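Readers should treat all values here as calculations from the given coordinates under stated rules, not as data from a laboratory. This structure is a prediction, so every number in the text was calculated from the model and none was measured. Every residue, glycine as well, gets a Cβ built from its backbone with ideal geometry; the counts of neighbours run over all protein chains shown.
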Amino acid sequence: MTTKKALNTAVYTASLADDEQMVALIKRVKRASGQLNAVVRMLEEGRPCPDVVTQMSAVSKAVHTAAFTLIASKLQECLSDPNEHHAEATQQLQKLFLQLA
């Protein structure tokens, strides 16, 4: 019998079925990290507000895209697994989507 905690862990596991997707996701997050470091440098250098905000927007988009990629992958996994507890998985995935809204 699967425990509730085990179900939560399964839904929140940050994995992608396709190794190629995982590599792309890691690259995206590393790029976002670099962009965020650039924001810090820009602030330290006293760069103009529009430049800093533009860079922050790029960081935000990269992070959100990475998160949605993870959620979409888990959704696809849940739909293809007949043993998945769909009601709980659906509830948890909805919560994740709302966290990004």
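Want the number for residue 51 to residue 91: 0.36 nm per residue separation, take away the alpha-carbon distance, what's left?
Between residue 51 and residue 91, full extension yields an extra 10.5 nm.
At what distance in nm do the modelled label points of residue 30 and residue 58 sit from each other, each positioned 7 Å from its Cα along Cα→Cβ?
For the pair residue 30/residue 58, the computed spacing is 1.7 nm.
Evaluate the charge dipole of the stretch 17-100 about its Cα centre and quote only its size in Debye, nearest 20, assuming +1 on the Cβ of each Lys and Arg and -1 on the Cβ of each Asp and Glu.
The calculated dipole for the stretch 17-100 is roughly 420 debye.
Using +1 at the Cβ of each Lys and Arg and -1 at the Cβ of each Asp and Glu in the stretch 17-100, identify which of 73, 59, 98 lies farthest towards the dipole's positive end.
59
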